[in-house]
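The values are calculated or read from the model by the stated rules, or taken from the named source; none is laboratory data. Model, not experiment: these values are computed from the prediction. Reconstructed Cβ throughout: ideal geometry from the backbone, glycine too, with neighbour counts over all protein chains shown. Please note that ligands, DNA and RNA were not included when accessible areas were found on the heavy atoms of the full protein model with its side chains. Shrake-Rupley method; radii C 1.70, N 1.55, O 1.52, S 1.80 Å.
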Amino acid sequence: MFCFQCQESAGGTGCTIKGVCGKPHDVANLQDLLIYVLKGISFFSVGTELPEALDRRASVFIMDSLFATITNANFDRNVFVAKIREALALRDEVRRHWEEQRIGAAAELPDAAVWQADDEASFDAKAKSVGVLATADPDIRSLRELLTYGLKGMAAYTYHALQLDHSNPQIDLFMRRALAATLDDSLTADHLVGLVMEAGKYGVEAMSLLDEANTGTYGHPEVTKVNIGVRNRPGILISGHDLKDLEELLRQTEGTGVDVYTHSEMLPAHYYPAFKKYDHFVGNYGNAWWLQTTEFAAFNGPILMTTNCIVPPKASYKDRMYTTGNTGFPGVRHIPEGPEGQPKDFSEIIAHAKRCEPPTELESGEIVGGFAHHTVTGIADQVVEAVKTGAIKRFFVMAGCDGRMKSRSYYTDFARELPRDTVILTAGCAKYKYNKLDLGDIGGIPRVLDAGQCNDSYSLAVIALKLKEIFGLEDINDLPISYNIAWYEQKAVIVLLALLYLGVKNIHLGPTLPAFLSPNVAKVLIEKFGIGGITTVEEDMKMFLGA
Ligand code: SF4
Ligand code: SF3
């Protein structure tokens, strides 16, 4: 195996024996093979008129499969074996239409378009040769992977939007075009840089689509105080990012005597008006994903993982853990999709909760959030006034991911050391590094404004664009906003590409720059966009504040 898609890749270069995330080598290879066959499907579908139902099936399959390979989502080899089989059948179905419509001489077909096998042993054998290292040129490899990881993040957004019946065929078509392009050896680095930038454009569209889906279905997030203590009844802990699963779980647990708590990236669900009506939706339990091994043990009740990030479970709670959607882990029970048009059935988890003790309290108090674009633009006058009077000197976008590395304590220290006339704009689980610090407020505006999940990073872009408009600025970079973003998995990659597409410069990424950036590709990003890493809190504070 060779995987370097996330920030925790071994040695800062790539995982080769087993993932630091716990992904076994055979699963890593099968994920590579699945992506390889997706490229084959894409090859035949670019420019081919497909019957509507097949076209839709291909789009959904591609987004679903890309999402399944995101870091910490699915560790189950059986899932990937089944998906590879389905991918091969779908590819050949698409191929038949391509053959019927093809005009001119037969071109040489790439191996991803023709390779065939049916048995697992052949899958495992082939999987070893189709991964990242199959591209020899380090810069082309770097750009192909940067593009692919951006697509994985984009697929996560479109997948969530689709759960709420929102889709955009243009985004789906771009995904196929981009995947097919990674098979084309005639494309130069410049071509691929162009596609990477285009991915940023479609990334903005995908985030906007999801924002529309979420706010259209559940209302605009509101400023909300979220309880972080517990009650004395059995509970279910729901983690990941899928709001549709949460909605269904809340409905099915109503009146059962079982409470529902959010964990990690599900925290922002409390900000939506649609979920406030449930009395048994108690609060948020614990912190960011990587602390789940202790927090899930203490929860005492069942845990439902709806998306990334799963840490290989400890025996102390493995039998209380459930996966659903695109997540999976061997030996952990999986809640399947409901029958056509019907909701998923969570009765097994609810019955399980009733047999469990209430959660052990980890902490008490409240945290505040709900500062998505609708809320912040609603108080824009107040914010603008605070900027004009100098009460707010600068905003710091500190969105993104949290992670295990000790070096991430930088973000807690950075938040703490920021001058009191600065405001942090955040989204994603990165917030857990500072959302329980008492950083105060500026004239009633909290110094940490949490817009929501990493999926809601779009809000931060909308806020920046709105401020640019109000201040009558030509360039988004003239705003008093600095970007000090923490990344871990591939949704952060598409957020980064989206920000670059919107013209944001001088973004700092940490705790380390991606291992998948070759020195030349990193150089382009540094020279063209001023991308940088982080150093020490002291040095970076001077750099950002020009002191
Ligand atoms: Fe390693 Fe990250 Fe890949 Fe897991 S996802 S195998 S930790 S690079
Ligand atoms: Fe976190 Fe996994 Fe990225 Fe959604 S839960 S931000 S890491």
Ellipticity estimate at 222 nm from DSSP helix runs (n ≥ 4, -39,500 (n - 2.57)) divided over the chain, nearest 500
-14500 deg cm²/dmol
Would you kindly find the accessible area of Arg57, with a 1.4 Å probe and non-protein molecules such as ligands, DNA and RNA excluded, rounding to the nearest 10 Å²?
120 Å²
Leaving ligands and nucleic acids out of the surface, order Ile171, Ile534 by accessible area at 1.4 Å, largest first.
Ile534, Ile171
Hey, if you put +1 on the Cβ of every Lys and Arg and -1 on every Asp and Glu Cβ in the chain, which of Ala315, Val258, Phe80 ends up farthest toward the positive end of that dipole?
Ala315
With respect to the cross-link table entries Lys388/Lys505; Lys201/Lys433; Lys433/Lys528, which display a Cα-Cα separation exceeding 26 Å?
Lys201/Lys433; Lys433/Lys528
For region 511-547 and region 126-165, write down the distance between their C-alpha centroids in whole Å.
23 Å
Among all the lysines, which ones have a C-alpha under 17 Å from Lys393's C-alpha, if same-chain residues fewer than 8 places away are not counted?
Lys468, Lys542
Computed over the Cα atoms of region 377-545, the Rg and Dmax in Å are 15.2, 46
Could you pull out every one of the lysines with an alpha carbon less than 16 Å from that of Lys225, ignoring same-chain neighbours closer than 8 positions?
Lys276, Lys277, Lys431, Lys436
HN-Hα couplings for region 192-204 via Karplus (6.51, -1.76, 1.60; θ = phi - 60°), in whole Hz with x for Gly/Pro, come out as 5, 4, x, 5, 4, 5, 5, 4, x, 4, 6, x, 4
If you project the alpha carbons of the chain onto the principal axes, what extent comes out on each, in Å, largest first?
70, 58, 42
Counting only protein heavy atoms, what percent of the accessible surface of the chain is carbon or sulfur at a 1.4 Å probe?
51 percent
For Thr323, the residues 5 or more places away or on another chain with a placed amide H closer than 5 Å to its own amide H are Met305, Arg333, His334, Ile335
Environment charge at Ser129 (Cβ cut-off 12 Å; Lys +1, Arg +1, Asp -1, Glu -1):
-1
Just how much of Asp190 is accessible, in Å², when a 1.4 Å probe is used and the result is rounded to the nearest 10?
120 Å²
In whole Hz, what ³J(HN,Hα) sequence does region 110-122 give by Karplus (6.51, -1.76, 1.60; θ = phi - 60°), x for Gly and Pro?
x, 4, 4, 8, 10, 4, 9, 5, 10, 9, 4, 4, 5
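Which value, in debye to the nearest 20, describes the size of the charge dipole of region 455-519 about its Cα centre when Lys and Arg Cβ atoms bear +1, Asp and Glu Cβ atoms bear -1, and nothing else is charged?
The calculation lands at about 100 debye.
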When every alpha-carbon pair in region 1-134 is counted, what percent end up more than 18 Å apart?
55 percent
